[in-house]
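Only one structure is covered here, and it is reproduced in the block below.
The values are calculated or read from the model by the stated rules, or taken from the named source; none is laboratory data. Just so it is clear, the structure is predicted and the values come from calculations on it, not from any experiment. Cβ placement follows ideal geometry from the backbone for every residue including glycine, while neighbour counts extend to all protein chains displayed. Just so you know, the surface numbers come from the protein's heavy atoms only, side chains and all, with ligands and any DNA or RNA stripped out. Shrake-Rupley method; radii C 1.70, N 1.55, O 1.52, S 1.80 Å.
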Amino acid sequence: MKRIFLFLILQSFVLIGFAQDITDAVRYSFNNIQGTARFQALGGAFGALGGDLSAVNTNPAGSAIFSKSFFSGTLGNKKFENNTVYSNSSVANNDSHFGFDQLGAAFVFNNTNRNSKVNKLVLSLVYDRMQSHDNSFNAGGTSSQSIDRYFLANAQGLALNTISAYPGETLTQAYNFIGSDYGYSNQQAFLGYEGFIIEPDSYDDNNTVYHSNIAAGSFDQSFSYVTGGYNGKLGINLAMQYGDKLYLGLNLNAHSIDYRRSTYLREFNNNEGSLINSVEFSNDLSVTGGGFSFQLGGIYKVNPTLRVGFTYDSPTWYTISEESAQSLFTKSTDGIVFDDGNVDYSFSVNPNSVNIYPDYRLETPGKLTGSAALVLGKIGLISFEYSRKDFSSTKFRPVKDNYFATQNTIISNALTSSQTYRLGSELRFERISVRGGYSIIESPYLNKAIMDDTSTLSLGLGYNFGNTRLDLSYSTFDQNRTNQIYMVGAEDIAPLAKVSGTHNNILLTLGFSL
């Protein structure tokens with residue numbers, strides 16, 4: 001009756017205890033604007049240049065450089081190649097994705113009052129894809145560590161009656177009730193128990209000690225990891241030119257998160273003494289979120305050739321929602337004999353249920369950016385930009401929540417300040433422009449084995465038809481990182497896949513003066 005009563009009360013509520021951690025904090029804090037083709041070709045070094053709609057996302061004063069109202073849209077094709085090493089085995093895979101990277105318009109209002117110091121006002125609306133989550137890798141090999149460690153680590157210390165179904169309950173009802181009543185770890189232990197991966201030392205309701213039905217030995221494992229989605233930013237920009245040398249701007253930004261992840265682990269063993277010989281474990285996660293930030297920026301023309309720029313990016317304040325679904329399938333080669341004499345060889349723990357977790361808040365760090373550019377008339381330009389972002393200041397909120405307080409401590413100890421260096425150049429030959437750029441984004445992790453620095457090389461071409469511009473760019477970067485196959489927080493139960501990735505990006509931008 002207790003469970004039925006709770007169901008009536010909690011059926012409209014959400015499950016508790018899903019573990020947000022440092023990887024989530026970095027995922028939604030780490031941005032690399034894709035932008036227009038010209039922006040990408042110059043390595044994003046636009047802080048002191050302006051005159052490009054993606055440059056407005058780097059420095060809000062950049063729209064005041066436009067002499068006419070301007071519109072641009074950008075299509076991109078991203079291709080990645082990942083080589084994954086897991087347990088001395090290597091697997092290669094690649095994929096590509098196509099879509100919009102940027103869309104925006106700037107409207108210039110010239111001041112006809114010659115006595116005013118404000119020469120013009122510019123109102124812009126700009127959307128940029130800040131980060132693409134499209135990625136995948138496969139890993140496979142022979143390991144001495146079984147997935148049973150994951151379920152055991154979640155189960156130890158939990159009472160048997162908090163990880164098992166009550167008489168008459170379906171798997172779906174029990175899975176939902178356990179998540180609502182006790183939390184995420186109990187749910188994971190429930191899957192392992194119902195899949196006969198773990199066994200209690202005693203069938204007493206108060207038992208808290210468990211052992212594995214999978215014997216030690218070697219395990220053939222394969223793992224697939226697929227992610228999709230993006231971080232996007234829609235900015236409302238207001239900028240002005242004050243006198244002949246100073247440009248000032250403000251951005252009010254609405255941020256969006258769309259992140260999807262699917263993982264699948266298959267494990268097989270024929271170890272002597274194993275009751276369970278095959279395990280298939282699937283997990284799907286869907287994340288949506290929205291946030292707000294603002295930017296203040298300025299550009300100053302020191303002389304006709306030299307420009308300098310400065311930008312302050314506020315923290316981004318997110319509210320994030322998450323949903324997940326899981327399933328577990330196990331097999332026994334010899335079968336498991338039950339008290340009634342029946343023998344079963346396979347077990348399906350598929351709750352057919354979506355876990356909907358409480359919204360949580362995340363505050364990502366602010367950023368300071370300084371930049372300088374040499375504008376060489378009709379010949380071209382050289383531009384440099386430097387920014388600093390302290391990832392250790394990232395915070396889950398409310399900070400008084402015990403779990404979030406622990407995660408915030410982990411973040412402050414494991415993350416550090418990340419510097420970004422961008423360099424770009426452009427040569428002009430009448431209507432044709434040739435461009436090149438290079439950027440380095442330092443890893444936010446103190447331990448760079450988790451995620452290495454990112455160096456990007458870019459090239460591009462542009463053709464100016466007069467009121468219309470067509471730009472093309474190509475960029476490439478390599479990144480090394482490690483992905484945990486599964487984890488509950490302990491090093492010895494978190495096997496790592498080492499992923500070496502090459503990412504190639506082609507952008508095409510059409511822009512025209514209005």
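Taking a straight Cα-Cα cut-off under 21 Å and skipping sequence neighbours fewer than 8 places away in the same chain, no lysines fall within cross-link reach of residue 331.
Split the chain at each of the GluC sites (Glu not before Pro) in a DSSP loop with at most 11 other beta carbon atoms within 10 Å, and the longest piece is 1-271. Estimated at 0.36 nm per residue, the fully extended path between residue 348 and residue 181 surpasses their Cα-Cα distance by 57.8 nm. Relative to the longest principal axis of the Cα atoms of the chain, helix 402-414 runs at roughly 60 degrees. Counting only aspartates and glutamates at least 8 places from residue 378 when in the same chain, those with an alpha carbon closer than 13 Å to its own are 426, 430.
I need the calculated FRET efficiency for the pair residue 71 and residue 112, taking r as the beta carbon distance and R₀ as 30 Å, to the nearest 0.05. FRET efficiency, residue 71 to residue 112: 0.80. Ellipsoid semi-axes for the range 350-393, based on the Cα gyration tensor and the rule √(5λ), read 47, 17, 7 Å when sorted largest first. Pop the C-beta distance of residue 453 and residue 81 into the FRET formula with R0 = 22 Å and round what comes out to the nearest 0.05. With a Förster radius of 22 Å, E is 0.70. Exposed loop sites are taken as chymotrypsin sites (Phe, Trp or Tyr not before Pro) in a DSSP loop (any state but H, G, I, E or B) with at most 11 other beta carbon atoms within 10 Å; the longest stretch of the chain without one runs 14-202.
Determine, from the Cβ-Cβ distance of residue 434 and residue 405 and an R0 of 51 Å, the FRET efficiency 1/(1 + (r/R0)^6), rounded to the nearest 0.05. Given R0 = 51 Å and the Cβ-Cβ separation, E is 0.45. Over the chain, the hull volume per residue, using the convex hull of the C-alpha atoms, is 152 Å³. Tilt of helix 184-194 relative to the longest C-alpha principal axis of the chain, in degrees (0 to 90, nearest 10)? On a 0 to 90 degree scale, this one is about 40. Counting protein heavy atoms only, the range 224-331 has 62 percent of its accessible area on carbon and sulfur, 1.4 angstrom probe. Overall, the chain carries a charge dipole of about 3740 debye about its Cα centre when +1 sits on the Cβ of Lys and Arg and -1 on the Cβ of Asp and Glu, all other atoms neutral. A straight Cα-to-Cα reach below 26 Å connects residue 367 with the lysines 233, 245, 301, 389, 395, 400, 448, residues fewer than 8 places away in its own chain not being considered.
What's the center-to-center distance, using Cα atoms, between the range 165-223 and the range 93-126 in Å? Here the two parts' Cα centres lie 56 Å apart.
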